[in-house]
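Notes follow the structure.
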Amino acid sequence: MSEIRYPDSTNPVFTDGRDIDTGIGALVGEGSLQRVEPVDKRFKQDADVWRDLPHSNPSDATYYGRPMLKAPVWAAYVPTYYFLGGAAGASLALGAAVQLDRSEATSGLVRKAHWVGIVASSIGAGFLILDLGRPLRFLNMMRVFRPTSPMNMGAWILAGTPPAAIAAGLFARSSMFRMIGEVCGYVSGFLGLALCTYTGVLVGNTAIPVWQEGRRVLPILFGASAASTAGGMLGMFNDLNARERRIVRAFTAVGAAAEVACSKWMDHATSRVEQVGLPLRRGLSGALWNGAGFLSLAALAVTITPGRSRTKRIIGGSLAALGSFALRFAVHYAGEASARDPKASFHLQRTRR
Amino acid sequence: MATKGFFTDTTICIGCKACEVACKQWNQLPDDGFAFTAMSYDNTVELGASTWRHVAFIERPVALSNQSAGAFSWLFSSDVCKHCARAGCLESCPTGSIIRTEYGSVYVQPDVCNGCGYCVVNCPFGVIDRRGDDGRAWKCTLCYDRLREDMTPACAKHCPTASIQFGDLDELRERAKARVEKLHEAGMKEAYLYGASAEDQQGTEGLNAFFLLVDKPEVYNLPPDPVVPTKKGKDAWKSMAAAAAGVALAAVGSVLFGRAGVRS
């Protein structure tokens, strides 16, 4: 047991928060398995001290303004994963489409798409595992196949993507296993389509008001933003031929344009109930959301501007990637803010009736 | 095995917090730190990973309809996991850690949970939470260990006014209906049942732990119309199909665009 000094006490106290004398009572209760760290670290934030007596508003009641929902416990790993998984998925999808063309001229782009897909999806999977409360138990995700849980579906998609992409990359140039490589290329492309869009379902299929109201938009928004990132990243390589440059430029432009359009759609979908859309207009999440909108618009402008210099492609690609990154964090923080606002849930549910 | 549950009659709760203490003691849950909220007598604030019963203290400038003491009333309500008939946490759990027991309750298996945190955002009541230092999600177990020994859950056993009643769900529903009628006869017209049946609350298809309230659910920090997220999730899956098709089309289109550039 650790030594804990309560903030207002003079003497240190030895406690695990239970204070059970194990000489008298055995620790066998259902909560006795909870691992406990020193109490000071987990002190709740005190409420602001009241200056005036509280006036409850009977027509718009809350419980002292306290959150009704629990905020997501996810750290920054998770929105970073949305970004990386999106980039990997869309990149693999583009790689499979290029592979369908069966042209020697574009085989370099296929390899680069596999490369981006492998790196981004593997790092992304690592981040997801790090975010678990018990990272060593990540394989428990594979205990069940549960279509009602987007997290479970995502785990299966994510488990399949890097192996398929690695096999595609490895066997693409071997003469003996070329067929296997090609099949794996298409499989990774198919899984990539799911990987870059399912995260929208993951956040849309929750009780958090702003995510729930955006559930029809989010998968499309994330898919569009993934396409612009993947195109932008692939465009930054320096040894692309003219045909490959045209492909990634078109992919980036279509993705960025769809991203701009879907952001507007998201604004519209979440403004049906005023309180629900607030996090996308205010605070950190609002700033990120507006920043993401600006960045993807800038990425679109740079991408469609004529010119074939690599500098232009690097600027356009960076803007697209930054925009997508800001977008995922905006959605993440908007969810946190929305969970903390009890009125968002209450107003939404009252309107539904 | 008949479905077991709680009927919490908030009109006879006296705010003694015996349920909170009994729950902590029996389940050997650690404390949450000793914080002073300054907002009311409620320093527990909310249900959480180590707090499976929470008594809400509501001070209202409104009189109850059978009350003559002036424009004030004090409401208490002991909140708990609702063990929903359609449980958001259970349906969203990617590991199968959260299960439906033989008593109809929703139980988190701590030896399976890997702490992904998805149940936390899928509970429309904000009940289940992940404990940072432990890493896993925890909530009320309906005292599964006590039920196995034919005992009443600790909170209900310790409630001195029978505000918390435990039993077979069908019987509890009958008792609750009779209680509401009695209250209406006594002049407390605002009494009603919250989540007592699937018709009452379609979004969750009924709660195994339901409540008798005398004001809007919001006042007790309960959602007025909770819906298990999976019921709306279909919209998101449909959009995902459209999104995947869109990305595929964009990819193929870009390749064709690239090919056209070579020819021209």
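Run down B:Cys143, B:Cys159 and say which single residue is at pLDDT 95 or above, at the interface with chain A (Cβ under 8 Å from one of its Cβ atoms) and over 30 Å from A:His347 (Cβ atoms).
Values: B:Cys159 fails: at the interface with chain A (Cβ under 8 Å from one of its Cβ atoms).
From the options B:Cys143, B:Cys159, the qualifying one is B:Cys143.
Listed here are the residues, each with its yes/no results for (1) touching a residue at least 24 places away in the same chain (Cβ under 8 Å); (2) within 24 Å of the chain's Cα centre (by Cα); (3) on the phi > 0 side of the Ramachandran plot; (4) within 11 Å of chain B (Cβ to nearest Cβ).
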{"site": "A:Leu136", "(1), (2), (3), (4)": "no, yes, no, yes"}
{"site": "A:Asn152", "(1), (2), (3), (4)": "no, yes, no, yes"}
{"site": "A:Ala155", "(1), (2), (3), (4)": "no, yes, no, yes"}
{"site": "A:Ile166", "(1), (2), (3), (4)": "yes, yes, no, no"}
{"site": "A:Ser175", "(1), (2), (3), (4)": "no, no, no, no"}
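Table: residues versus (1) touching a Leu at 6+ places or on another chain (Cβ under 9 Å); (2) in a helix (DSSP H, G or I); (3) of a type in the set (Val, Ile, Thr); (4) buried (at least 21 other Cβ atoms within 10 Å of the Cβ).
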| position | (1), (2), (3), (4) |
| --- | --- |
| A:Lys312 | no, yes, no, no |
| A:Ser324 | yes, yes, no, yes |
| A:Leu327 | yes, yes, no, yes |
| A:Ser338 | yes, yes, no, yes |
| A:Phe346 | no, yes, no, yes |
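Matching residues to (1) under 25 Å from B:Glu46 (Cα atoms); (2) aliphatic (A, V, I, L, M):
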position	(1), (2)
B:Asn114	yes, no
B:Cys123	yes, no
B:Arg130	yes, no
B:Gly135	yes, no
B:Arg146	yes, no
B:Ala156	yes, yes
B:His184	no, no
B:Leu193	yes, yes
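So in the range B:157-195, with the set limited to residues that are touching a Leu at 6+ places or on another chain (Cβ under 9 Å) and free of Cβ contacts under 8 Å to residues at least 24 places away in the same chain, which one is surrounded by the fewest Cβ atoms within 10 Å (Cβ to Cβ)?
B:Lys177
Scan the range B:232-241 and tell me whether some residue there is buried (at least 19 other Cβ atoms within 10 Å of the Cβ) and more than 30 Å from B:Glu205 (Cα to Cα).
Scanning the range B:232-241 turns up no residue that is buried (at least 19 other Cβ atoms within 10 Å of the Cβ) and more than 30 Å from B:Glu205 (Cα to Cα).
Which residue out of A:Ala90, A:Ala97, A:Ala113 is within 13 Å of chain B (Cβ to nearest Cβ), over 23 Å from the mean Cα position of the chain (by Cα), within 18 Å of A:Phe190 (Cβ to Cβ) and buried (at least 24 other Cβ atoms within 10 Å of the Cβ)?
Unique residue meeting the criteria: A:Ala97.
Can you tell me which residues in the range A:234-287 are among the aliphatic types (A, V, I, L, M), surrounded by fewer than 24 Cβ atoms within 10 Å (Cβ to Cβ) and more than 14 Å from chain B (Cβ to nearest Cβ)?
Residues satisfying the conditions are A:Met236, A:Val260, A:Leu278, A:Leu284, A:Ala287.
Take the residues of the range A:206-233 that are in contact with a Cys (Cβ under 9 Å, 6 or more places away or on another chain) and in a loop (DSSP other than H, G, I, E, B): which is nearest to the other protein chains (Cβ to nearest Cβ)?
The selected residue is A:Ala207.
On the basis of being of a type outside the set (Lys, Arg), within 13 Å of the chain's Cα centre (by Cα) and either in a strand (DSSP E or B) or modelled with pLDDT of 90 or more (or both), does B:Phe6 make the cut?
yes
Check every one of the strands (runs of 3 or more DSSP E) wholly within the range B:49-142 and list those with 2 or more residues that are out of contact with any Asp or Glu (no Cβ under 9 Å at 6 or more places or on another chain) and in the same structural domain as B:Glu218 (by TED's automatic domain parsing). Explain how you work it out, then say what you get.
Numbers: elements: B:53-60, B:73-80, B:98-100, B:106-108.
Answer list for the range B:49-142: B:73-80, B:98-100, B:106-108.
Search the range B:93-127 for residues being more than 7 Å from every other protein chain (Cβ to nearest Cβ) and closer than 25 Å to A:Asp341 by Cβ, and hand back the single one that is surrounded by the fewest Cβ atoms within 10 Å (Cβ to Cβ).
So, considering only residues that are more than 7 Å from every other protein chain (Cβ to nearest Cβ) and closer than 25 Å to A:Asp341 by Cβ, the one surrounded by the fewest Cβ atoms within 10 Å (Cβ to Cβ) is B:Phe125.
Starting from residues that are more than 7 Å from every other protein chain (Cβ to nearest Cβ) and at pLDDT 95 or above, keep the ones in the range B:232-244 and report whichever is nearest to A:Arg215 (Cα to Cα).
To start, the set of residues in the range B:232-244 that are more than 7 Å from every other protein chain (Cβ to nearest Cβ) comprises B:234, B:238, B:241.
Those left that are additionally at pLDDT 95 or above: B:238, B:241.
Details: B:Lys238: 10, B:Ala241: 13 Å.
Per the criteria, the residue is B:Lys238.
The values are calculated or read from the model by the stated rules, or taken from the named source; none is laboratory data. Keep in mind the model is a prediction, meaning the values are calculated, not measured. Neighbour counts run over all protein chains shown; Cβ positions are idealised from the backbone, glycine included.
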